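*Asks:* Pasting a structure below so you can have a look.
The values are calculated or read from the model by the stated rules, or taken from the named source; none is laboratory data. Note that this is a predicted model, so its numbers are computed, not measured. Because the Cβ atoms are built from the backbone with ideal geometry, glycine has one as well, and the counts that use them run over all protein chains shown. Just so you know, the surface numbers come from the protein's heavy atoms only, side chains and all, with ligands and any DNA or RNA stripped out. Shrake-Rupley method; radii C 1.70, N 1.55, O 1.52, S 1.80 Å.
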Amino acid sequence: MEDSPNERTQNDSHWELRPHGLKPGQVHDRWNHVQSDFVDDPQTSIREADALAAEVAEAVVTELEERRTKLRSTWEGAGIEDTETLRLALRDYRSFVRHLSGEPGRV
């Protein structure tokens with residue numbers, strides 16, 4: 001079930017996993033702060049690194065859950081006879097699974 005090149009550019013498969021509610025620059029700045037504090041206070045630095053990792057992981061899980069909800073909403077309620085809607089939903093699920101598996105060309 002491959003899409004035409006035109007269809008690929010118009011679909012929602014260009015979704016990228018990003019921590020929900022966290023800006024990459026802010027995470028980067030916080031990490032730099034944690035890392036620079038290591039020399040003066042390694043134990044506190046490690047605790048802060050763990051807290052940042054937990055926050056980012058939670059934000060990633062939130063983003064994944066929101067993406068799955070969005071995918072589900074595209075076909076829930078669609079009549080089983082609406083195969084085009086179901087085909088497009090399957091295409092987007094394929095993209096989602098490929099992205100999560102780390103192998104965008106497989107699945």
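*Asks:* Looking at Val97 and the list (1) free of Cβ contacts under 8 Å to residues at least 12 places away in the same chain; (2) over 16 Å from the mean Cα position of the chain (by Cα); (3) open to solvent by less than 70 Å² (accessible area, probe 1.4 Å), which single condition is not satisfied?
*Replies:* With (1) free of Cβ contacts under 8 Å to residues at least 12 places away in the same chain; (2) over 16 Å from the mean Cα position of the chain (by Cα); (3) open to solvent by less than 70 Å² (accessible area, probe 1.4 Å) applied to Val97, the lone miss is (2).
*Asks:* I've got another one for you. Can we say Glu58 is more than 18 Å from the chain's Cα centre (by Cα) and within 21 Å of Pro19 (Cβ to Cβ)?
*Replies:* Judged against the criteria, Glu58 is not a match.
*Asks:* Right, here's the next one. What pairs come out if I take residues in the range 14-40 that are at positive phi and pair them with residues that are part of a helix (DSSP H, G or I) and among the polar types (S, T, N, Q) whose C-beta lies under 9 Å away, six or more apart or interchain?
*Replies:* Gly21/Thr62
*Asks:* When only residues in the range 71-94 that are touching a residue at least 24 places away in the same chain (Cβ under 8 Å) and charged (D, E, K, R) count, which is farthest from Leu22 (Cα to Cα)? Give the steps one after another, and end with the answer.
*Replies:* Restricting attention to the range 71-94, the residues satisfying the condition of being touching a residue at least 24 places away in the same chain (Cβ under 8 Å) are 71, 87-88, 90-92, 94.
Those still in the list that are charged (D, E, K, R) too: 87, 91-92, 94.
Values: Arg87: 32, Arg91: 28, Asp92: 24, Arg94: 26 Å.
The selected residue is Arg87.
*Asks:* Basic (Lys, Arg), at negative phi and surrounded by fewer than 14 Cβ atoms within 10 Å (Cβ to Cβ), is that true of Arg67? Break it down stepwise before answering.
*Replies:* Values: basic (Lys, Arg): yes; at negative phi: yes; surrounded by fewer than 14 Cβ atoms within 10 Å (Cβ to Cβ): no.
Criteria not met by Arg67.
*Asks:* Given the options Ser13, Ser95, name the one that is in contact with a Ser or Thr (Cβ under 8 Å, 6 or more places away or on another chain), modelled with pLDDT under 90 and not in a helix (DSSP H, G or I).
*Replies:* Values: Ser95 fails: not in a helix (DSSP H, G or I).
Just a single option satisfies the conditions, and that option is Ser13.
*Asks:* How many residues does the range 31-55 hold that are surrounded by 12 or more Cβ atoms within 10 Å (Cβ to Cβ) and either more than 26 Å from His20 (Cβ to Cβ) or among the hydroxyl-bearing types (Ser, Thr, Tyr) (or both)?
*Replies:* Number of matching residues: 4.
*Asks:* Test Glu48 against the criterion of being touching a helix residue (DSSP H, G or I) at 6+ places or on another chain (Cβ under 7 Å) and without any contact (Cβ under 8 Å) to a residue 24 or more places away in the chain, and give yes or no.
*Replies:* Values: touching a helix residue (DSSP H, G or I) at 6+ places or on another chain (Cβ under 7 Å): yes; without any contact (Cβ under 8 Å) to a residue 24 or more places away in the chain: yes.
When the stated conditions are applied, Glu48 passes them.
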